[in-house]
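Notes for the one structure printed next.
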Amino acid sequence: YLYTDDVPAEALGQHAEALLAVADQYAVPRLGAVCERYMAEHLTVGNAVAWAALAYLHKAEGLKESCLCIIRANWRTLKATEAWQQLLQQPKVMSDLLVPDAGGHSEAIAEPANTTKGCTSVETHTGTIEWTISDVGLLPKDP
């Protein structure tokens, strides 16, 4: 990547998580943006929790917001999964998901703000990713 400014799609598909970490560790923001975009485009209910943790760890703000959107829109379904148990181990993610009640205690999941059912779009470093509602959660729209 450093010589060609290109990541083969196969490598990105197999190593996006690791490449995001490398991009953060070695301060290669363009590589980080490529990984973030790829991950946001391939975000599902099944990987949103794990990728949210990576997004927080590697300061991938667009990916973080995309993951939070998916989690907020599907939290009732996620509560019954192992992914929810993983989420409970991520205090920063939980603090961003929870909204304070009248007494200042955080106890409710904030529903997505930009639609009544879920996110319609999320801004990333490389542009806007639009989302649609499906039976299994939010999925990126086809270009």
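In the neighborhood of residue 15, defined by Cβ-to-Cβ distances under 15 Å, what is the net charge if each Lys or Arg adds +1 and each Asp or Glu adds -1?
Values: positive: 37; negative: 6, 10, 17, 24, 36.
Summing Lys/Arg as +1 and Asp/Glu as -1 gives -4.
Give me log10 I(q)/I(0) at q = 0.14, 0.26 Å⁻¹ for the range 36-86, Debye formula, one equal scatterer per alpha-carbon, no solvent.
-0.29, -0.93
Note down the net charge around residue 56, summing +1 for each Lys or Arg and -1 for each Asp or Glu among other residues with Cβ under 10 Å from its Cβ.
On the way: positive: 59, 64, 92; negative: 61, 96.
Around residue 56, the surrounding residues sum to +1.
Rounded to the nearest Å, what's the spacing between the alpha carbon centres of the range 46-89 and the range 11-33? Just the number, please.
Each part's Cα centre sits 19 Å from the other's.
Residues of the range 12-51 with backbone nitrogen within less than 13 Å of a virtual label 7 Å along the Cα-to-Cβ line of residue 81, please, listed as ranges.
In the range 12-51, the label zone of residue 81 (backbone N under 13 Å from the point 7 Å along Cα→Cβ) covers 43-51.
Per the Cauchy relation, a quarter of the hull surface: what is the mean projected area of the convex hull of the alpha carbons in the range 9-98, in nm²? Each step should come with its number before you reach the end.
Numbers: hull surface 22.0 nm².
Computing the convex hull of the Cα atoms and averaging its projections yields 5.5 nm².
Values quoted throughout were computed directly from the atomic coordinates according to the rules given, and no laboratory measurement underlies them. All figures in this text were calculated on a predicted structure; none of them were measured in a lab. Please note: Cβ atoms are built from the backbone with ideal geometry, for glycine as well, and neighbour counts cover all protein chains shown.
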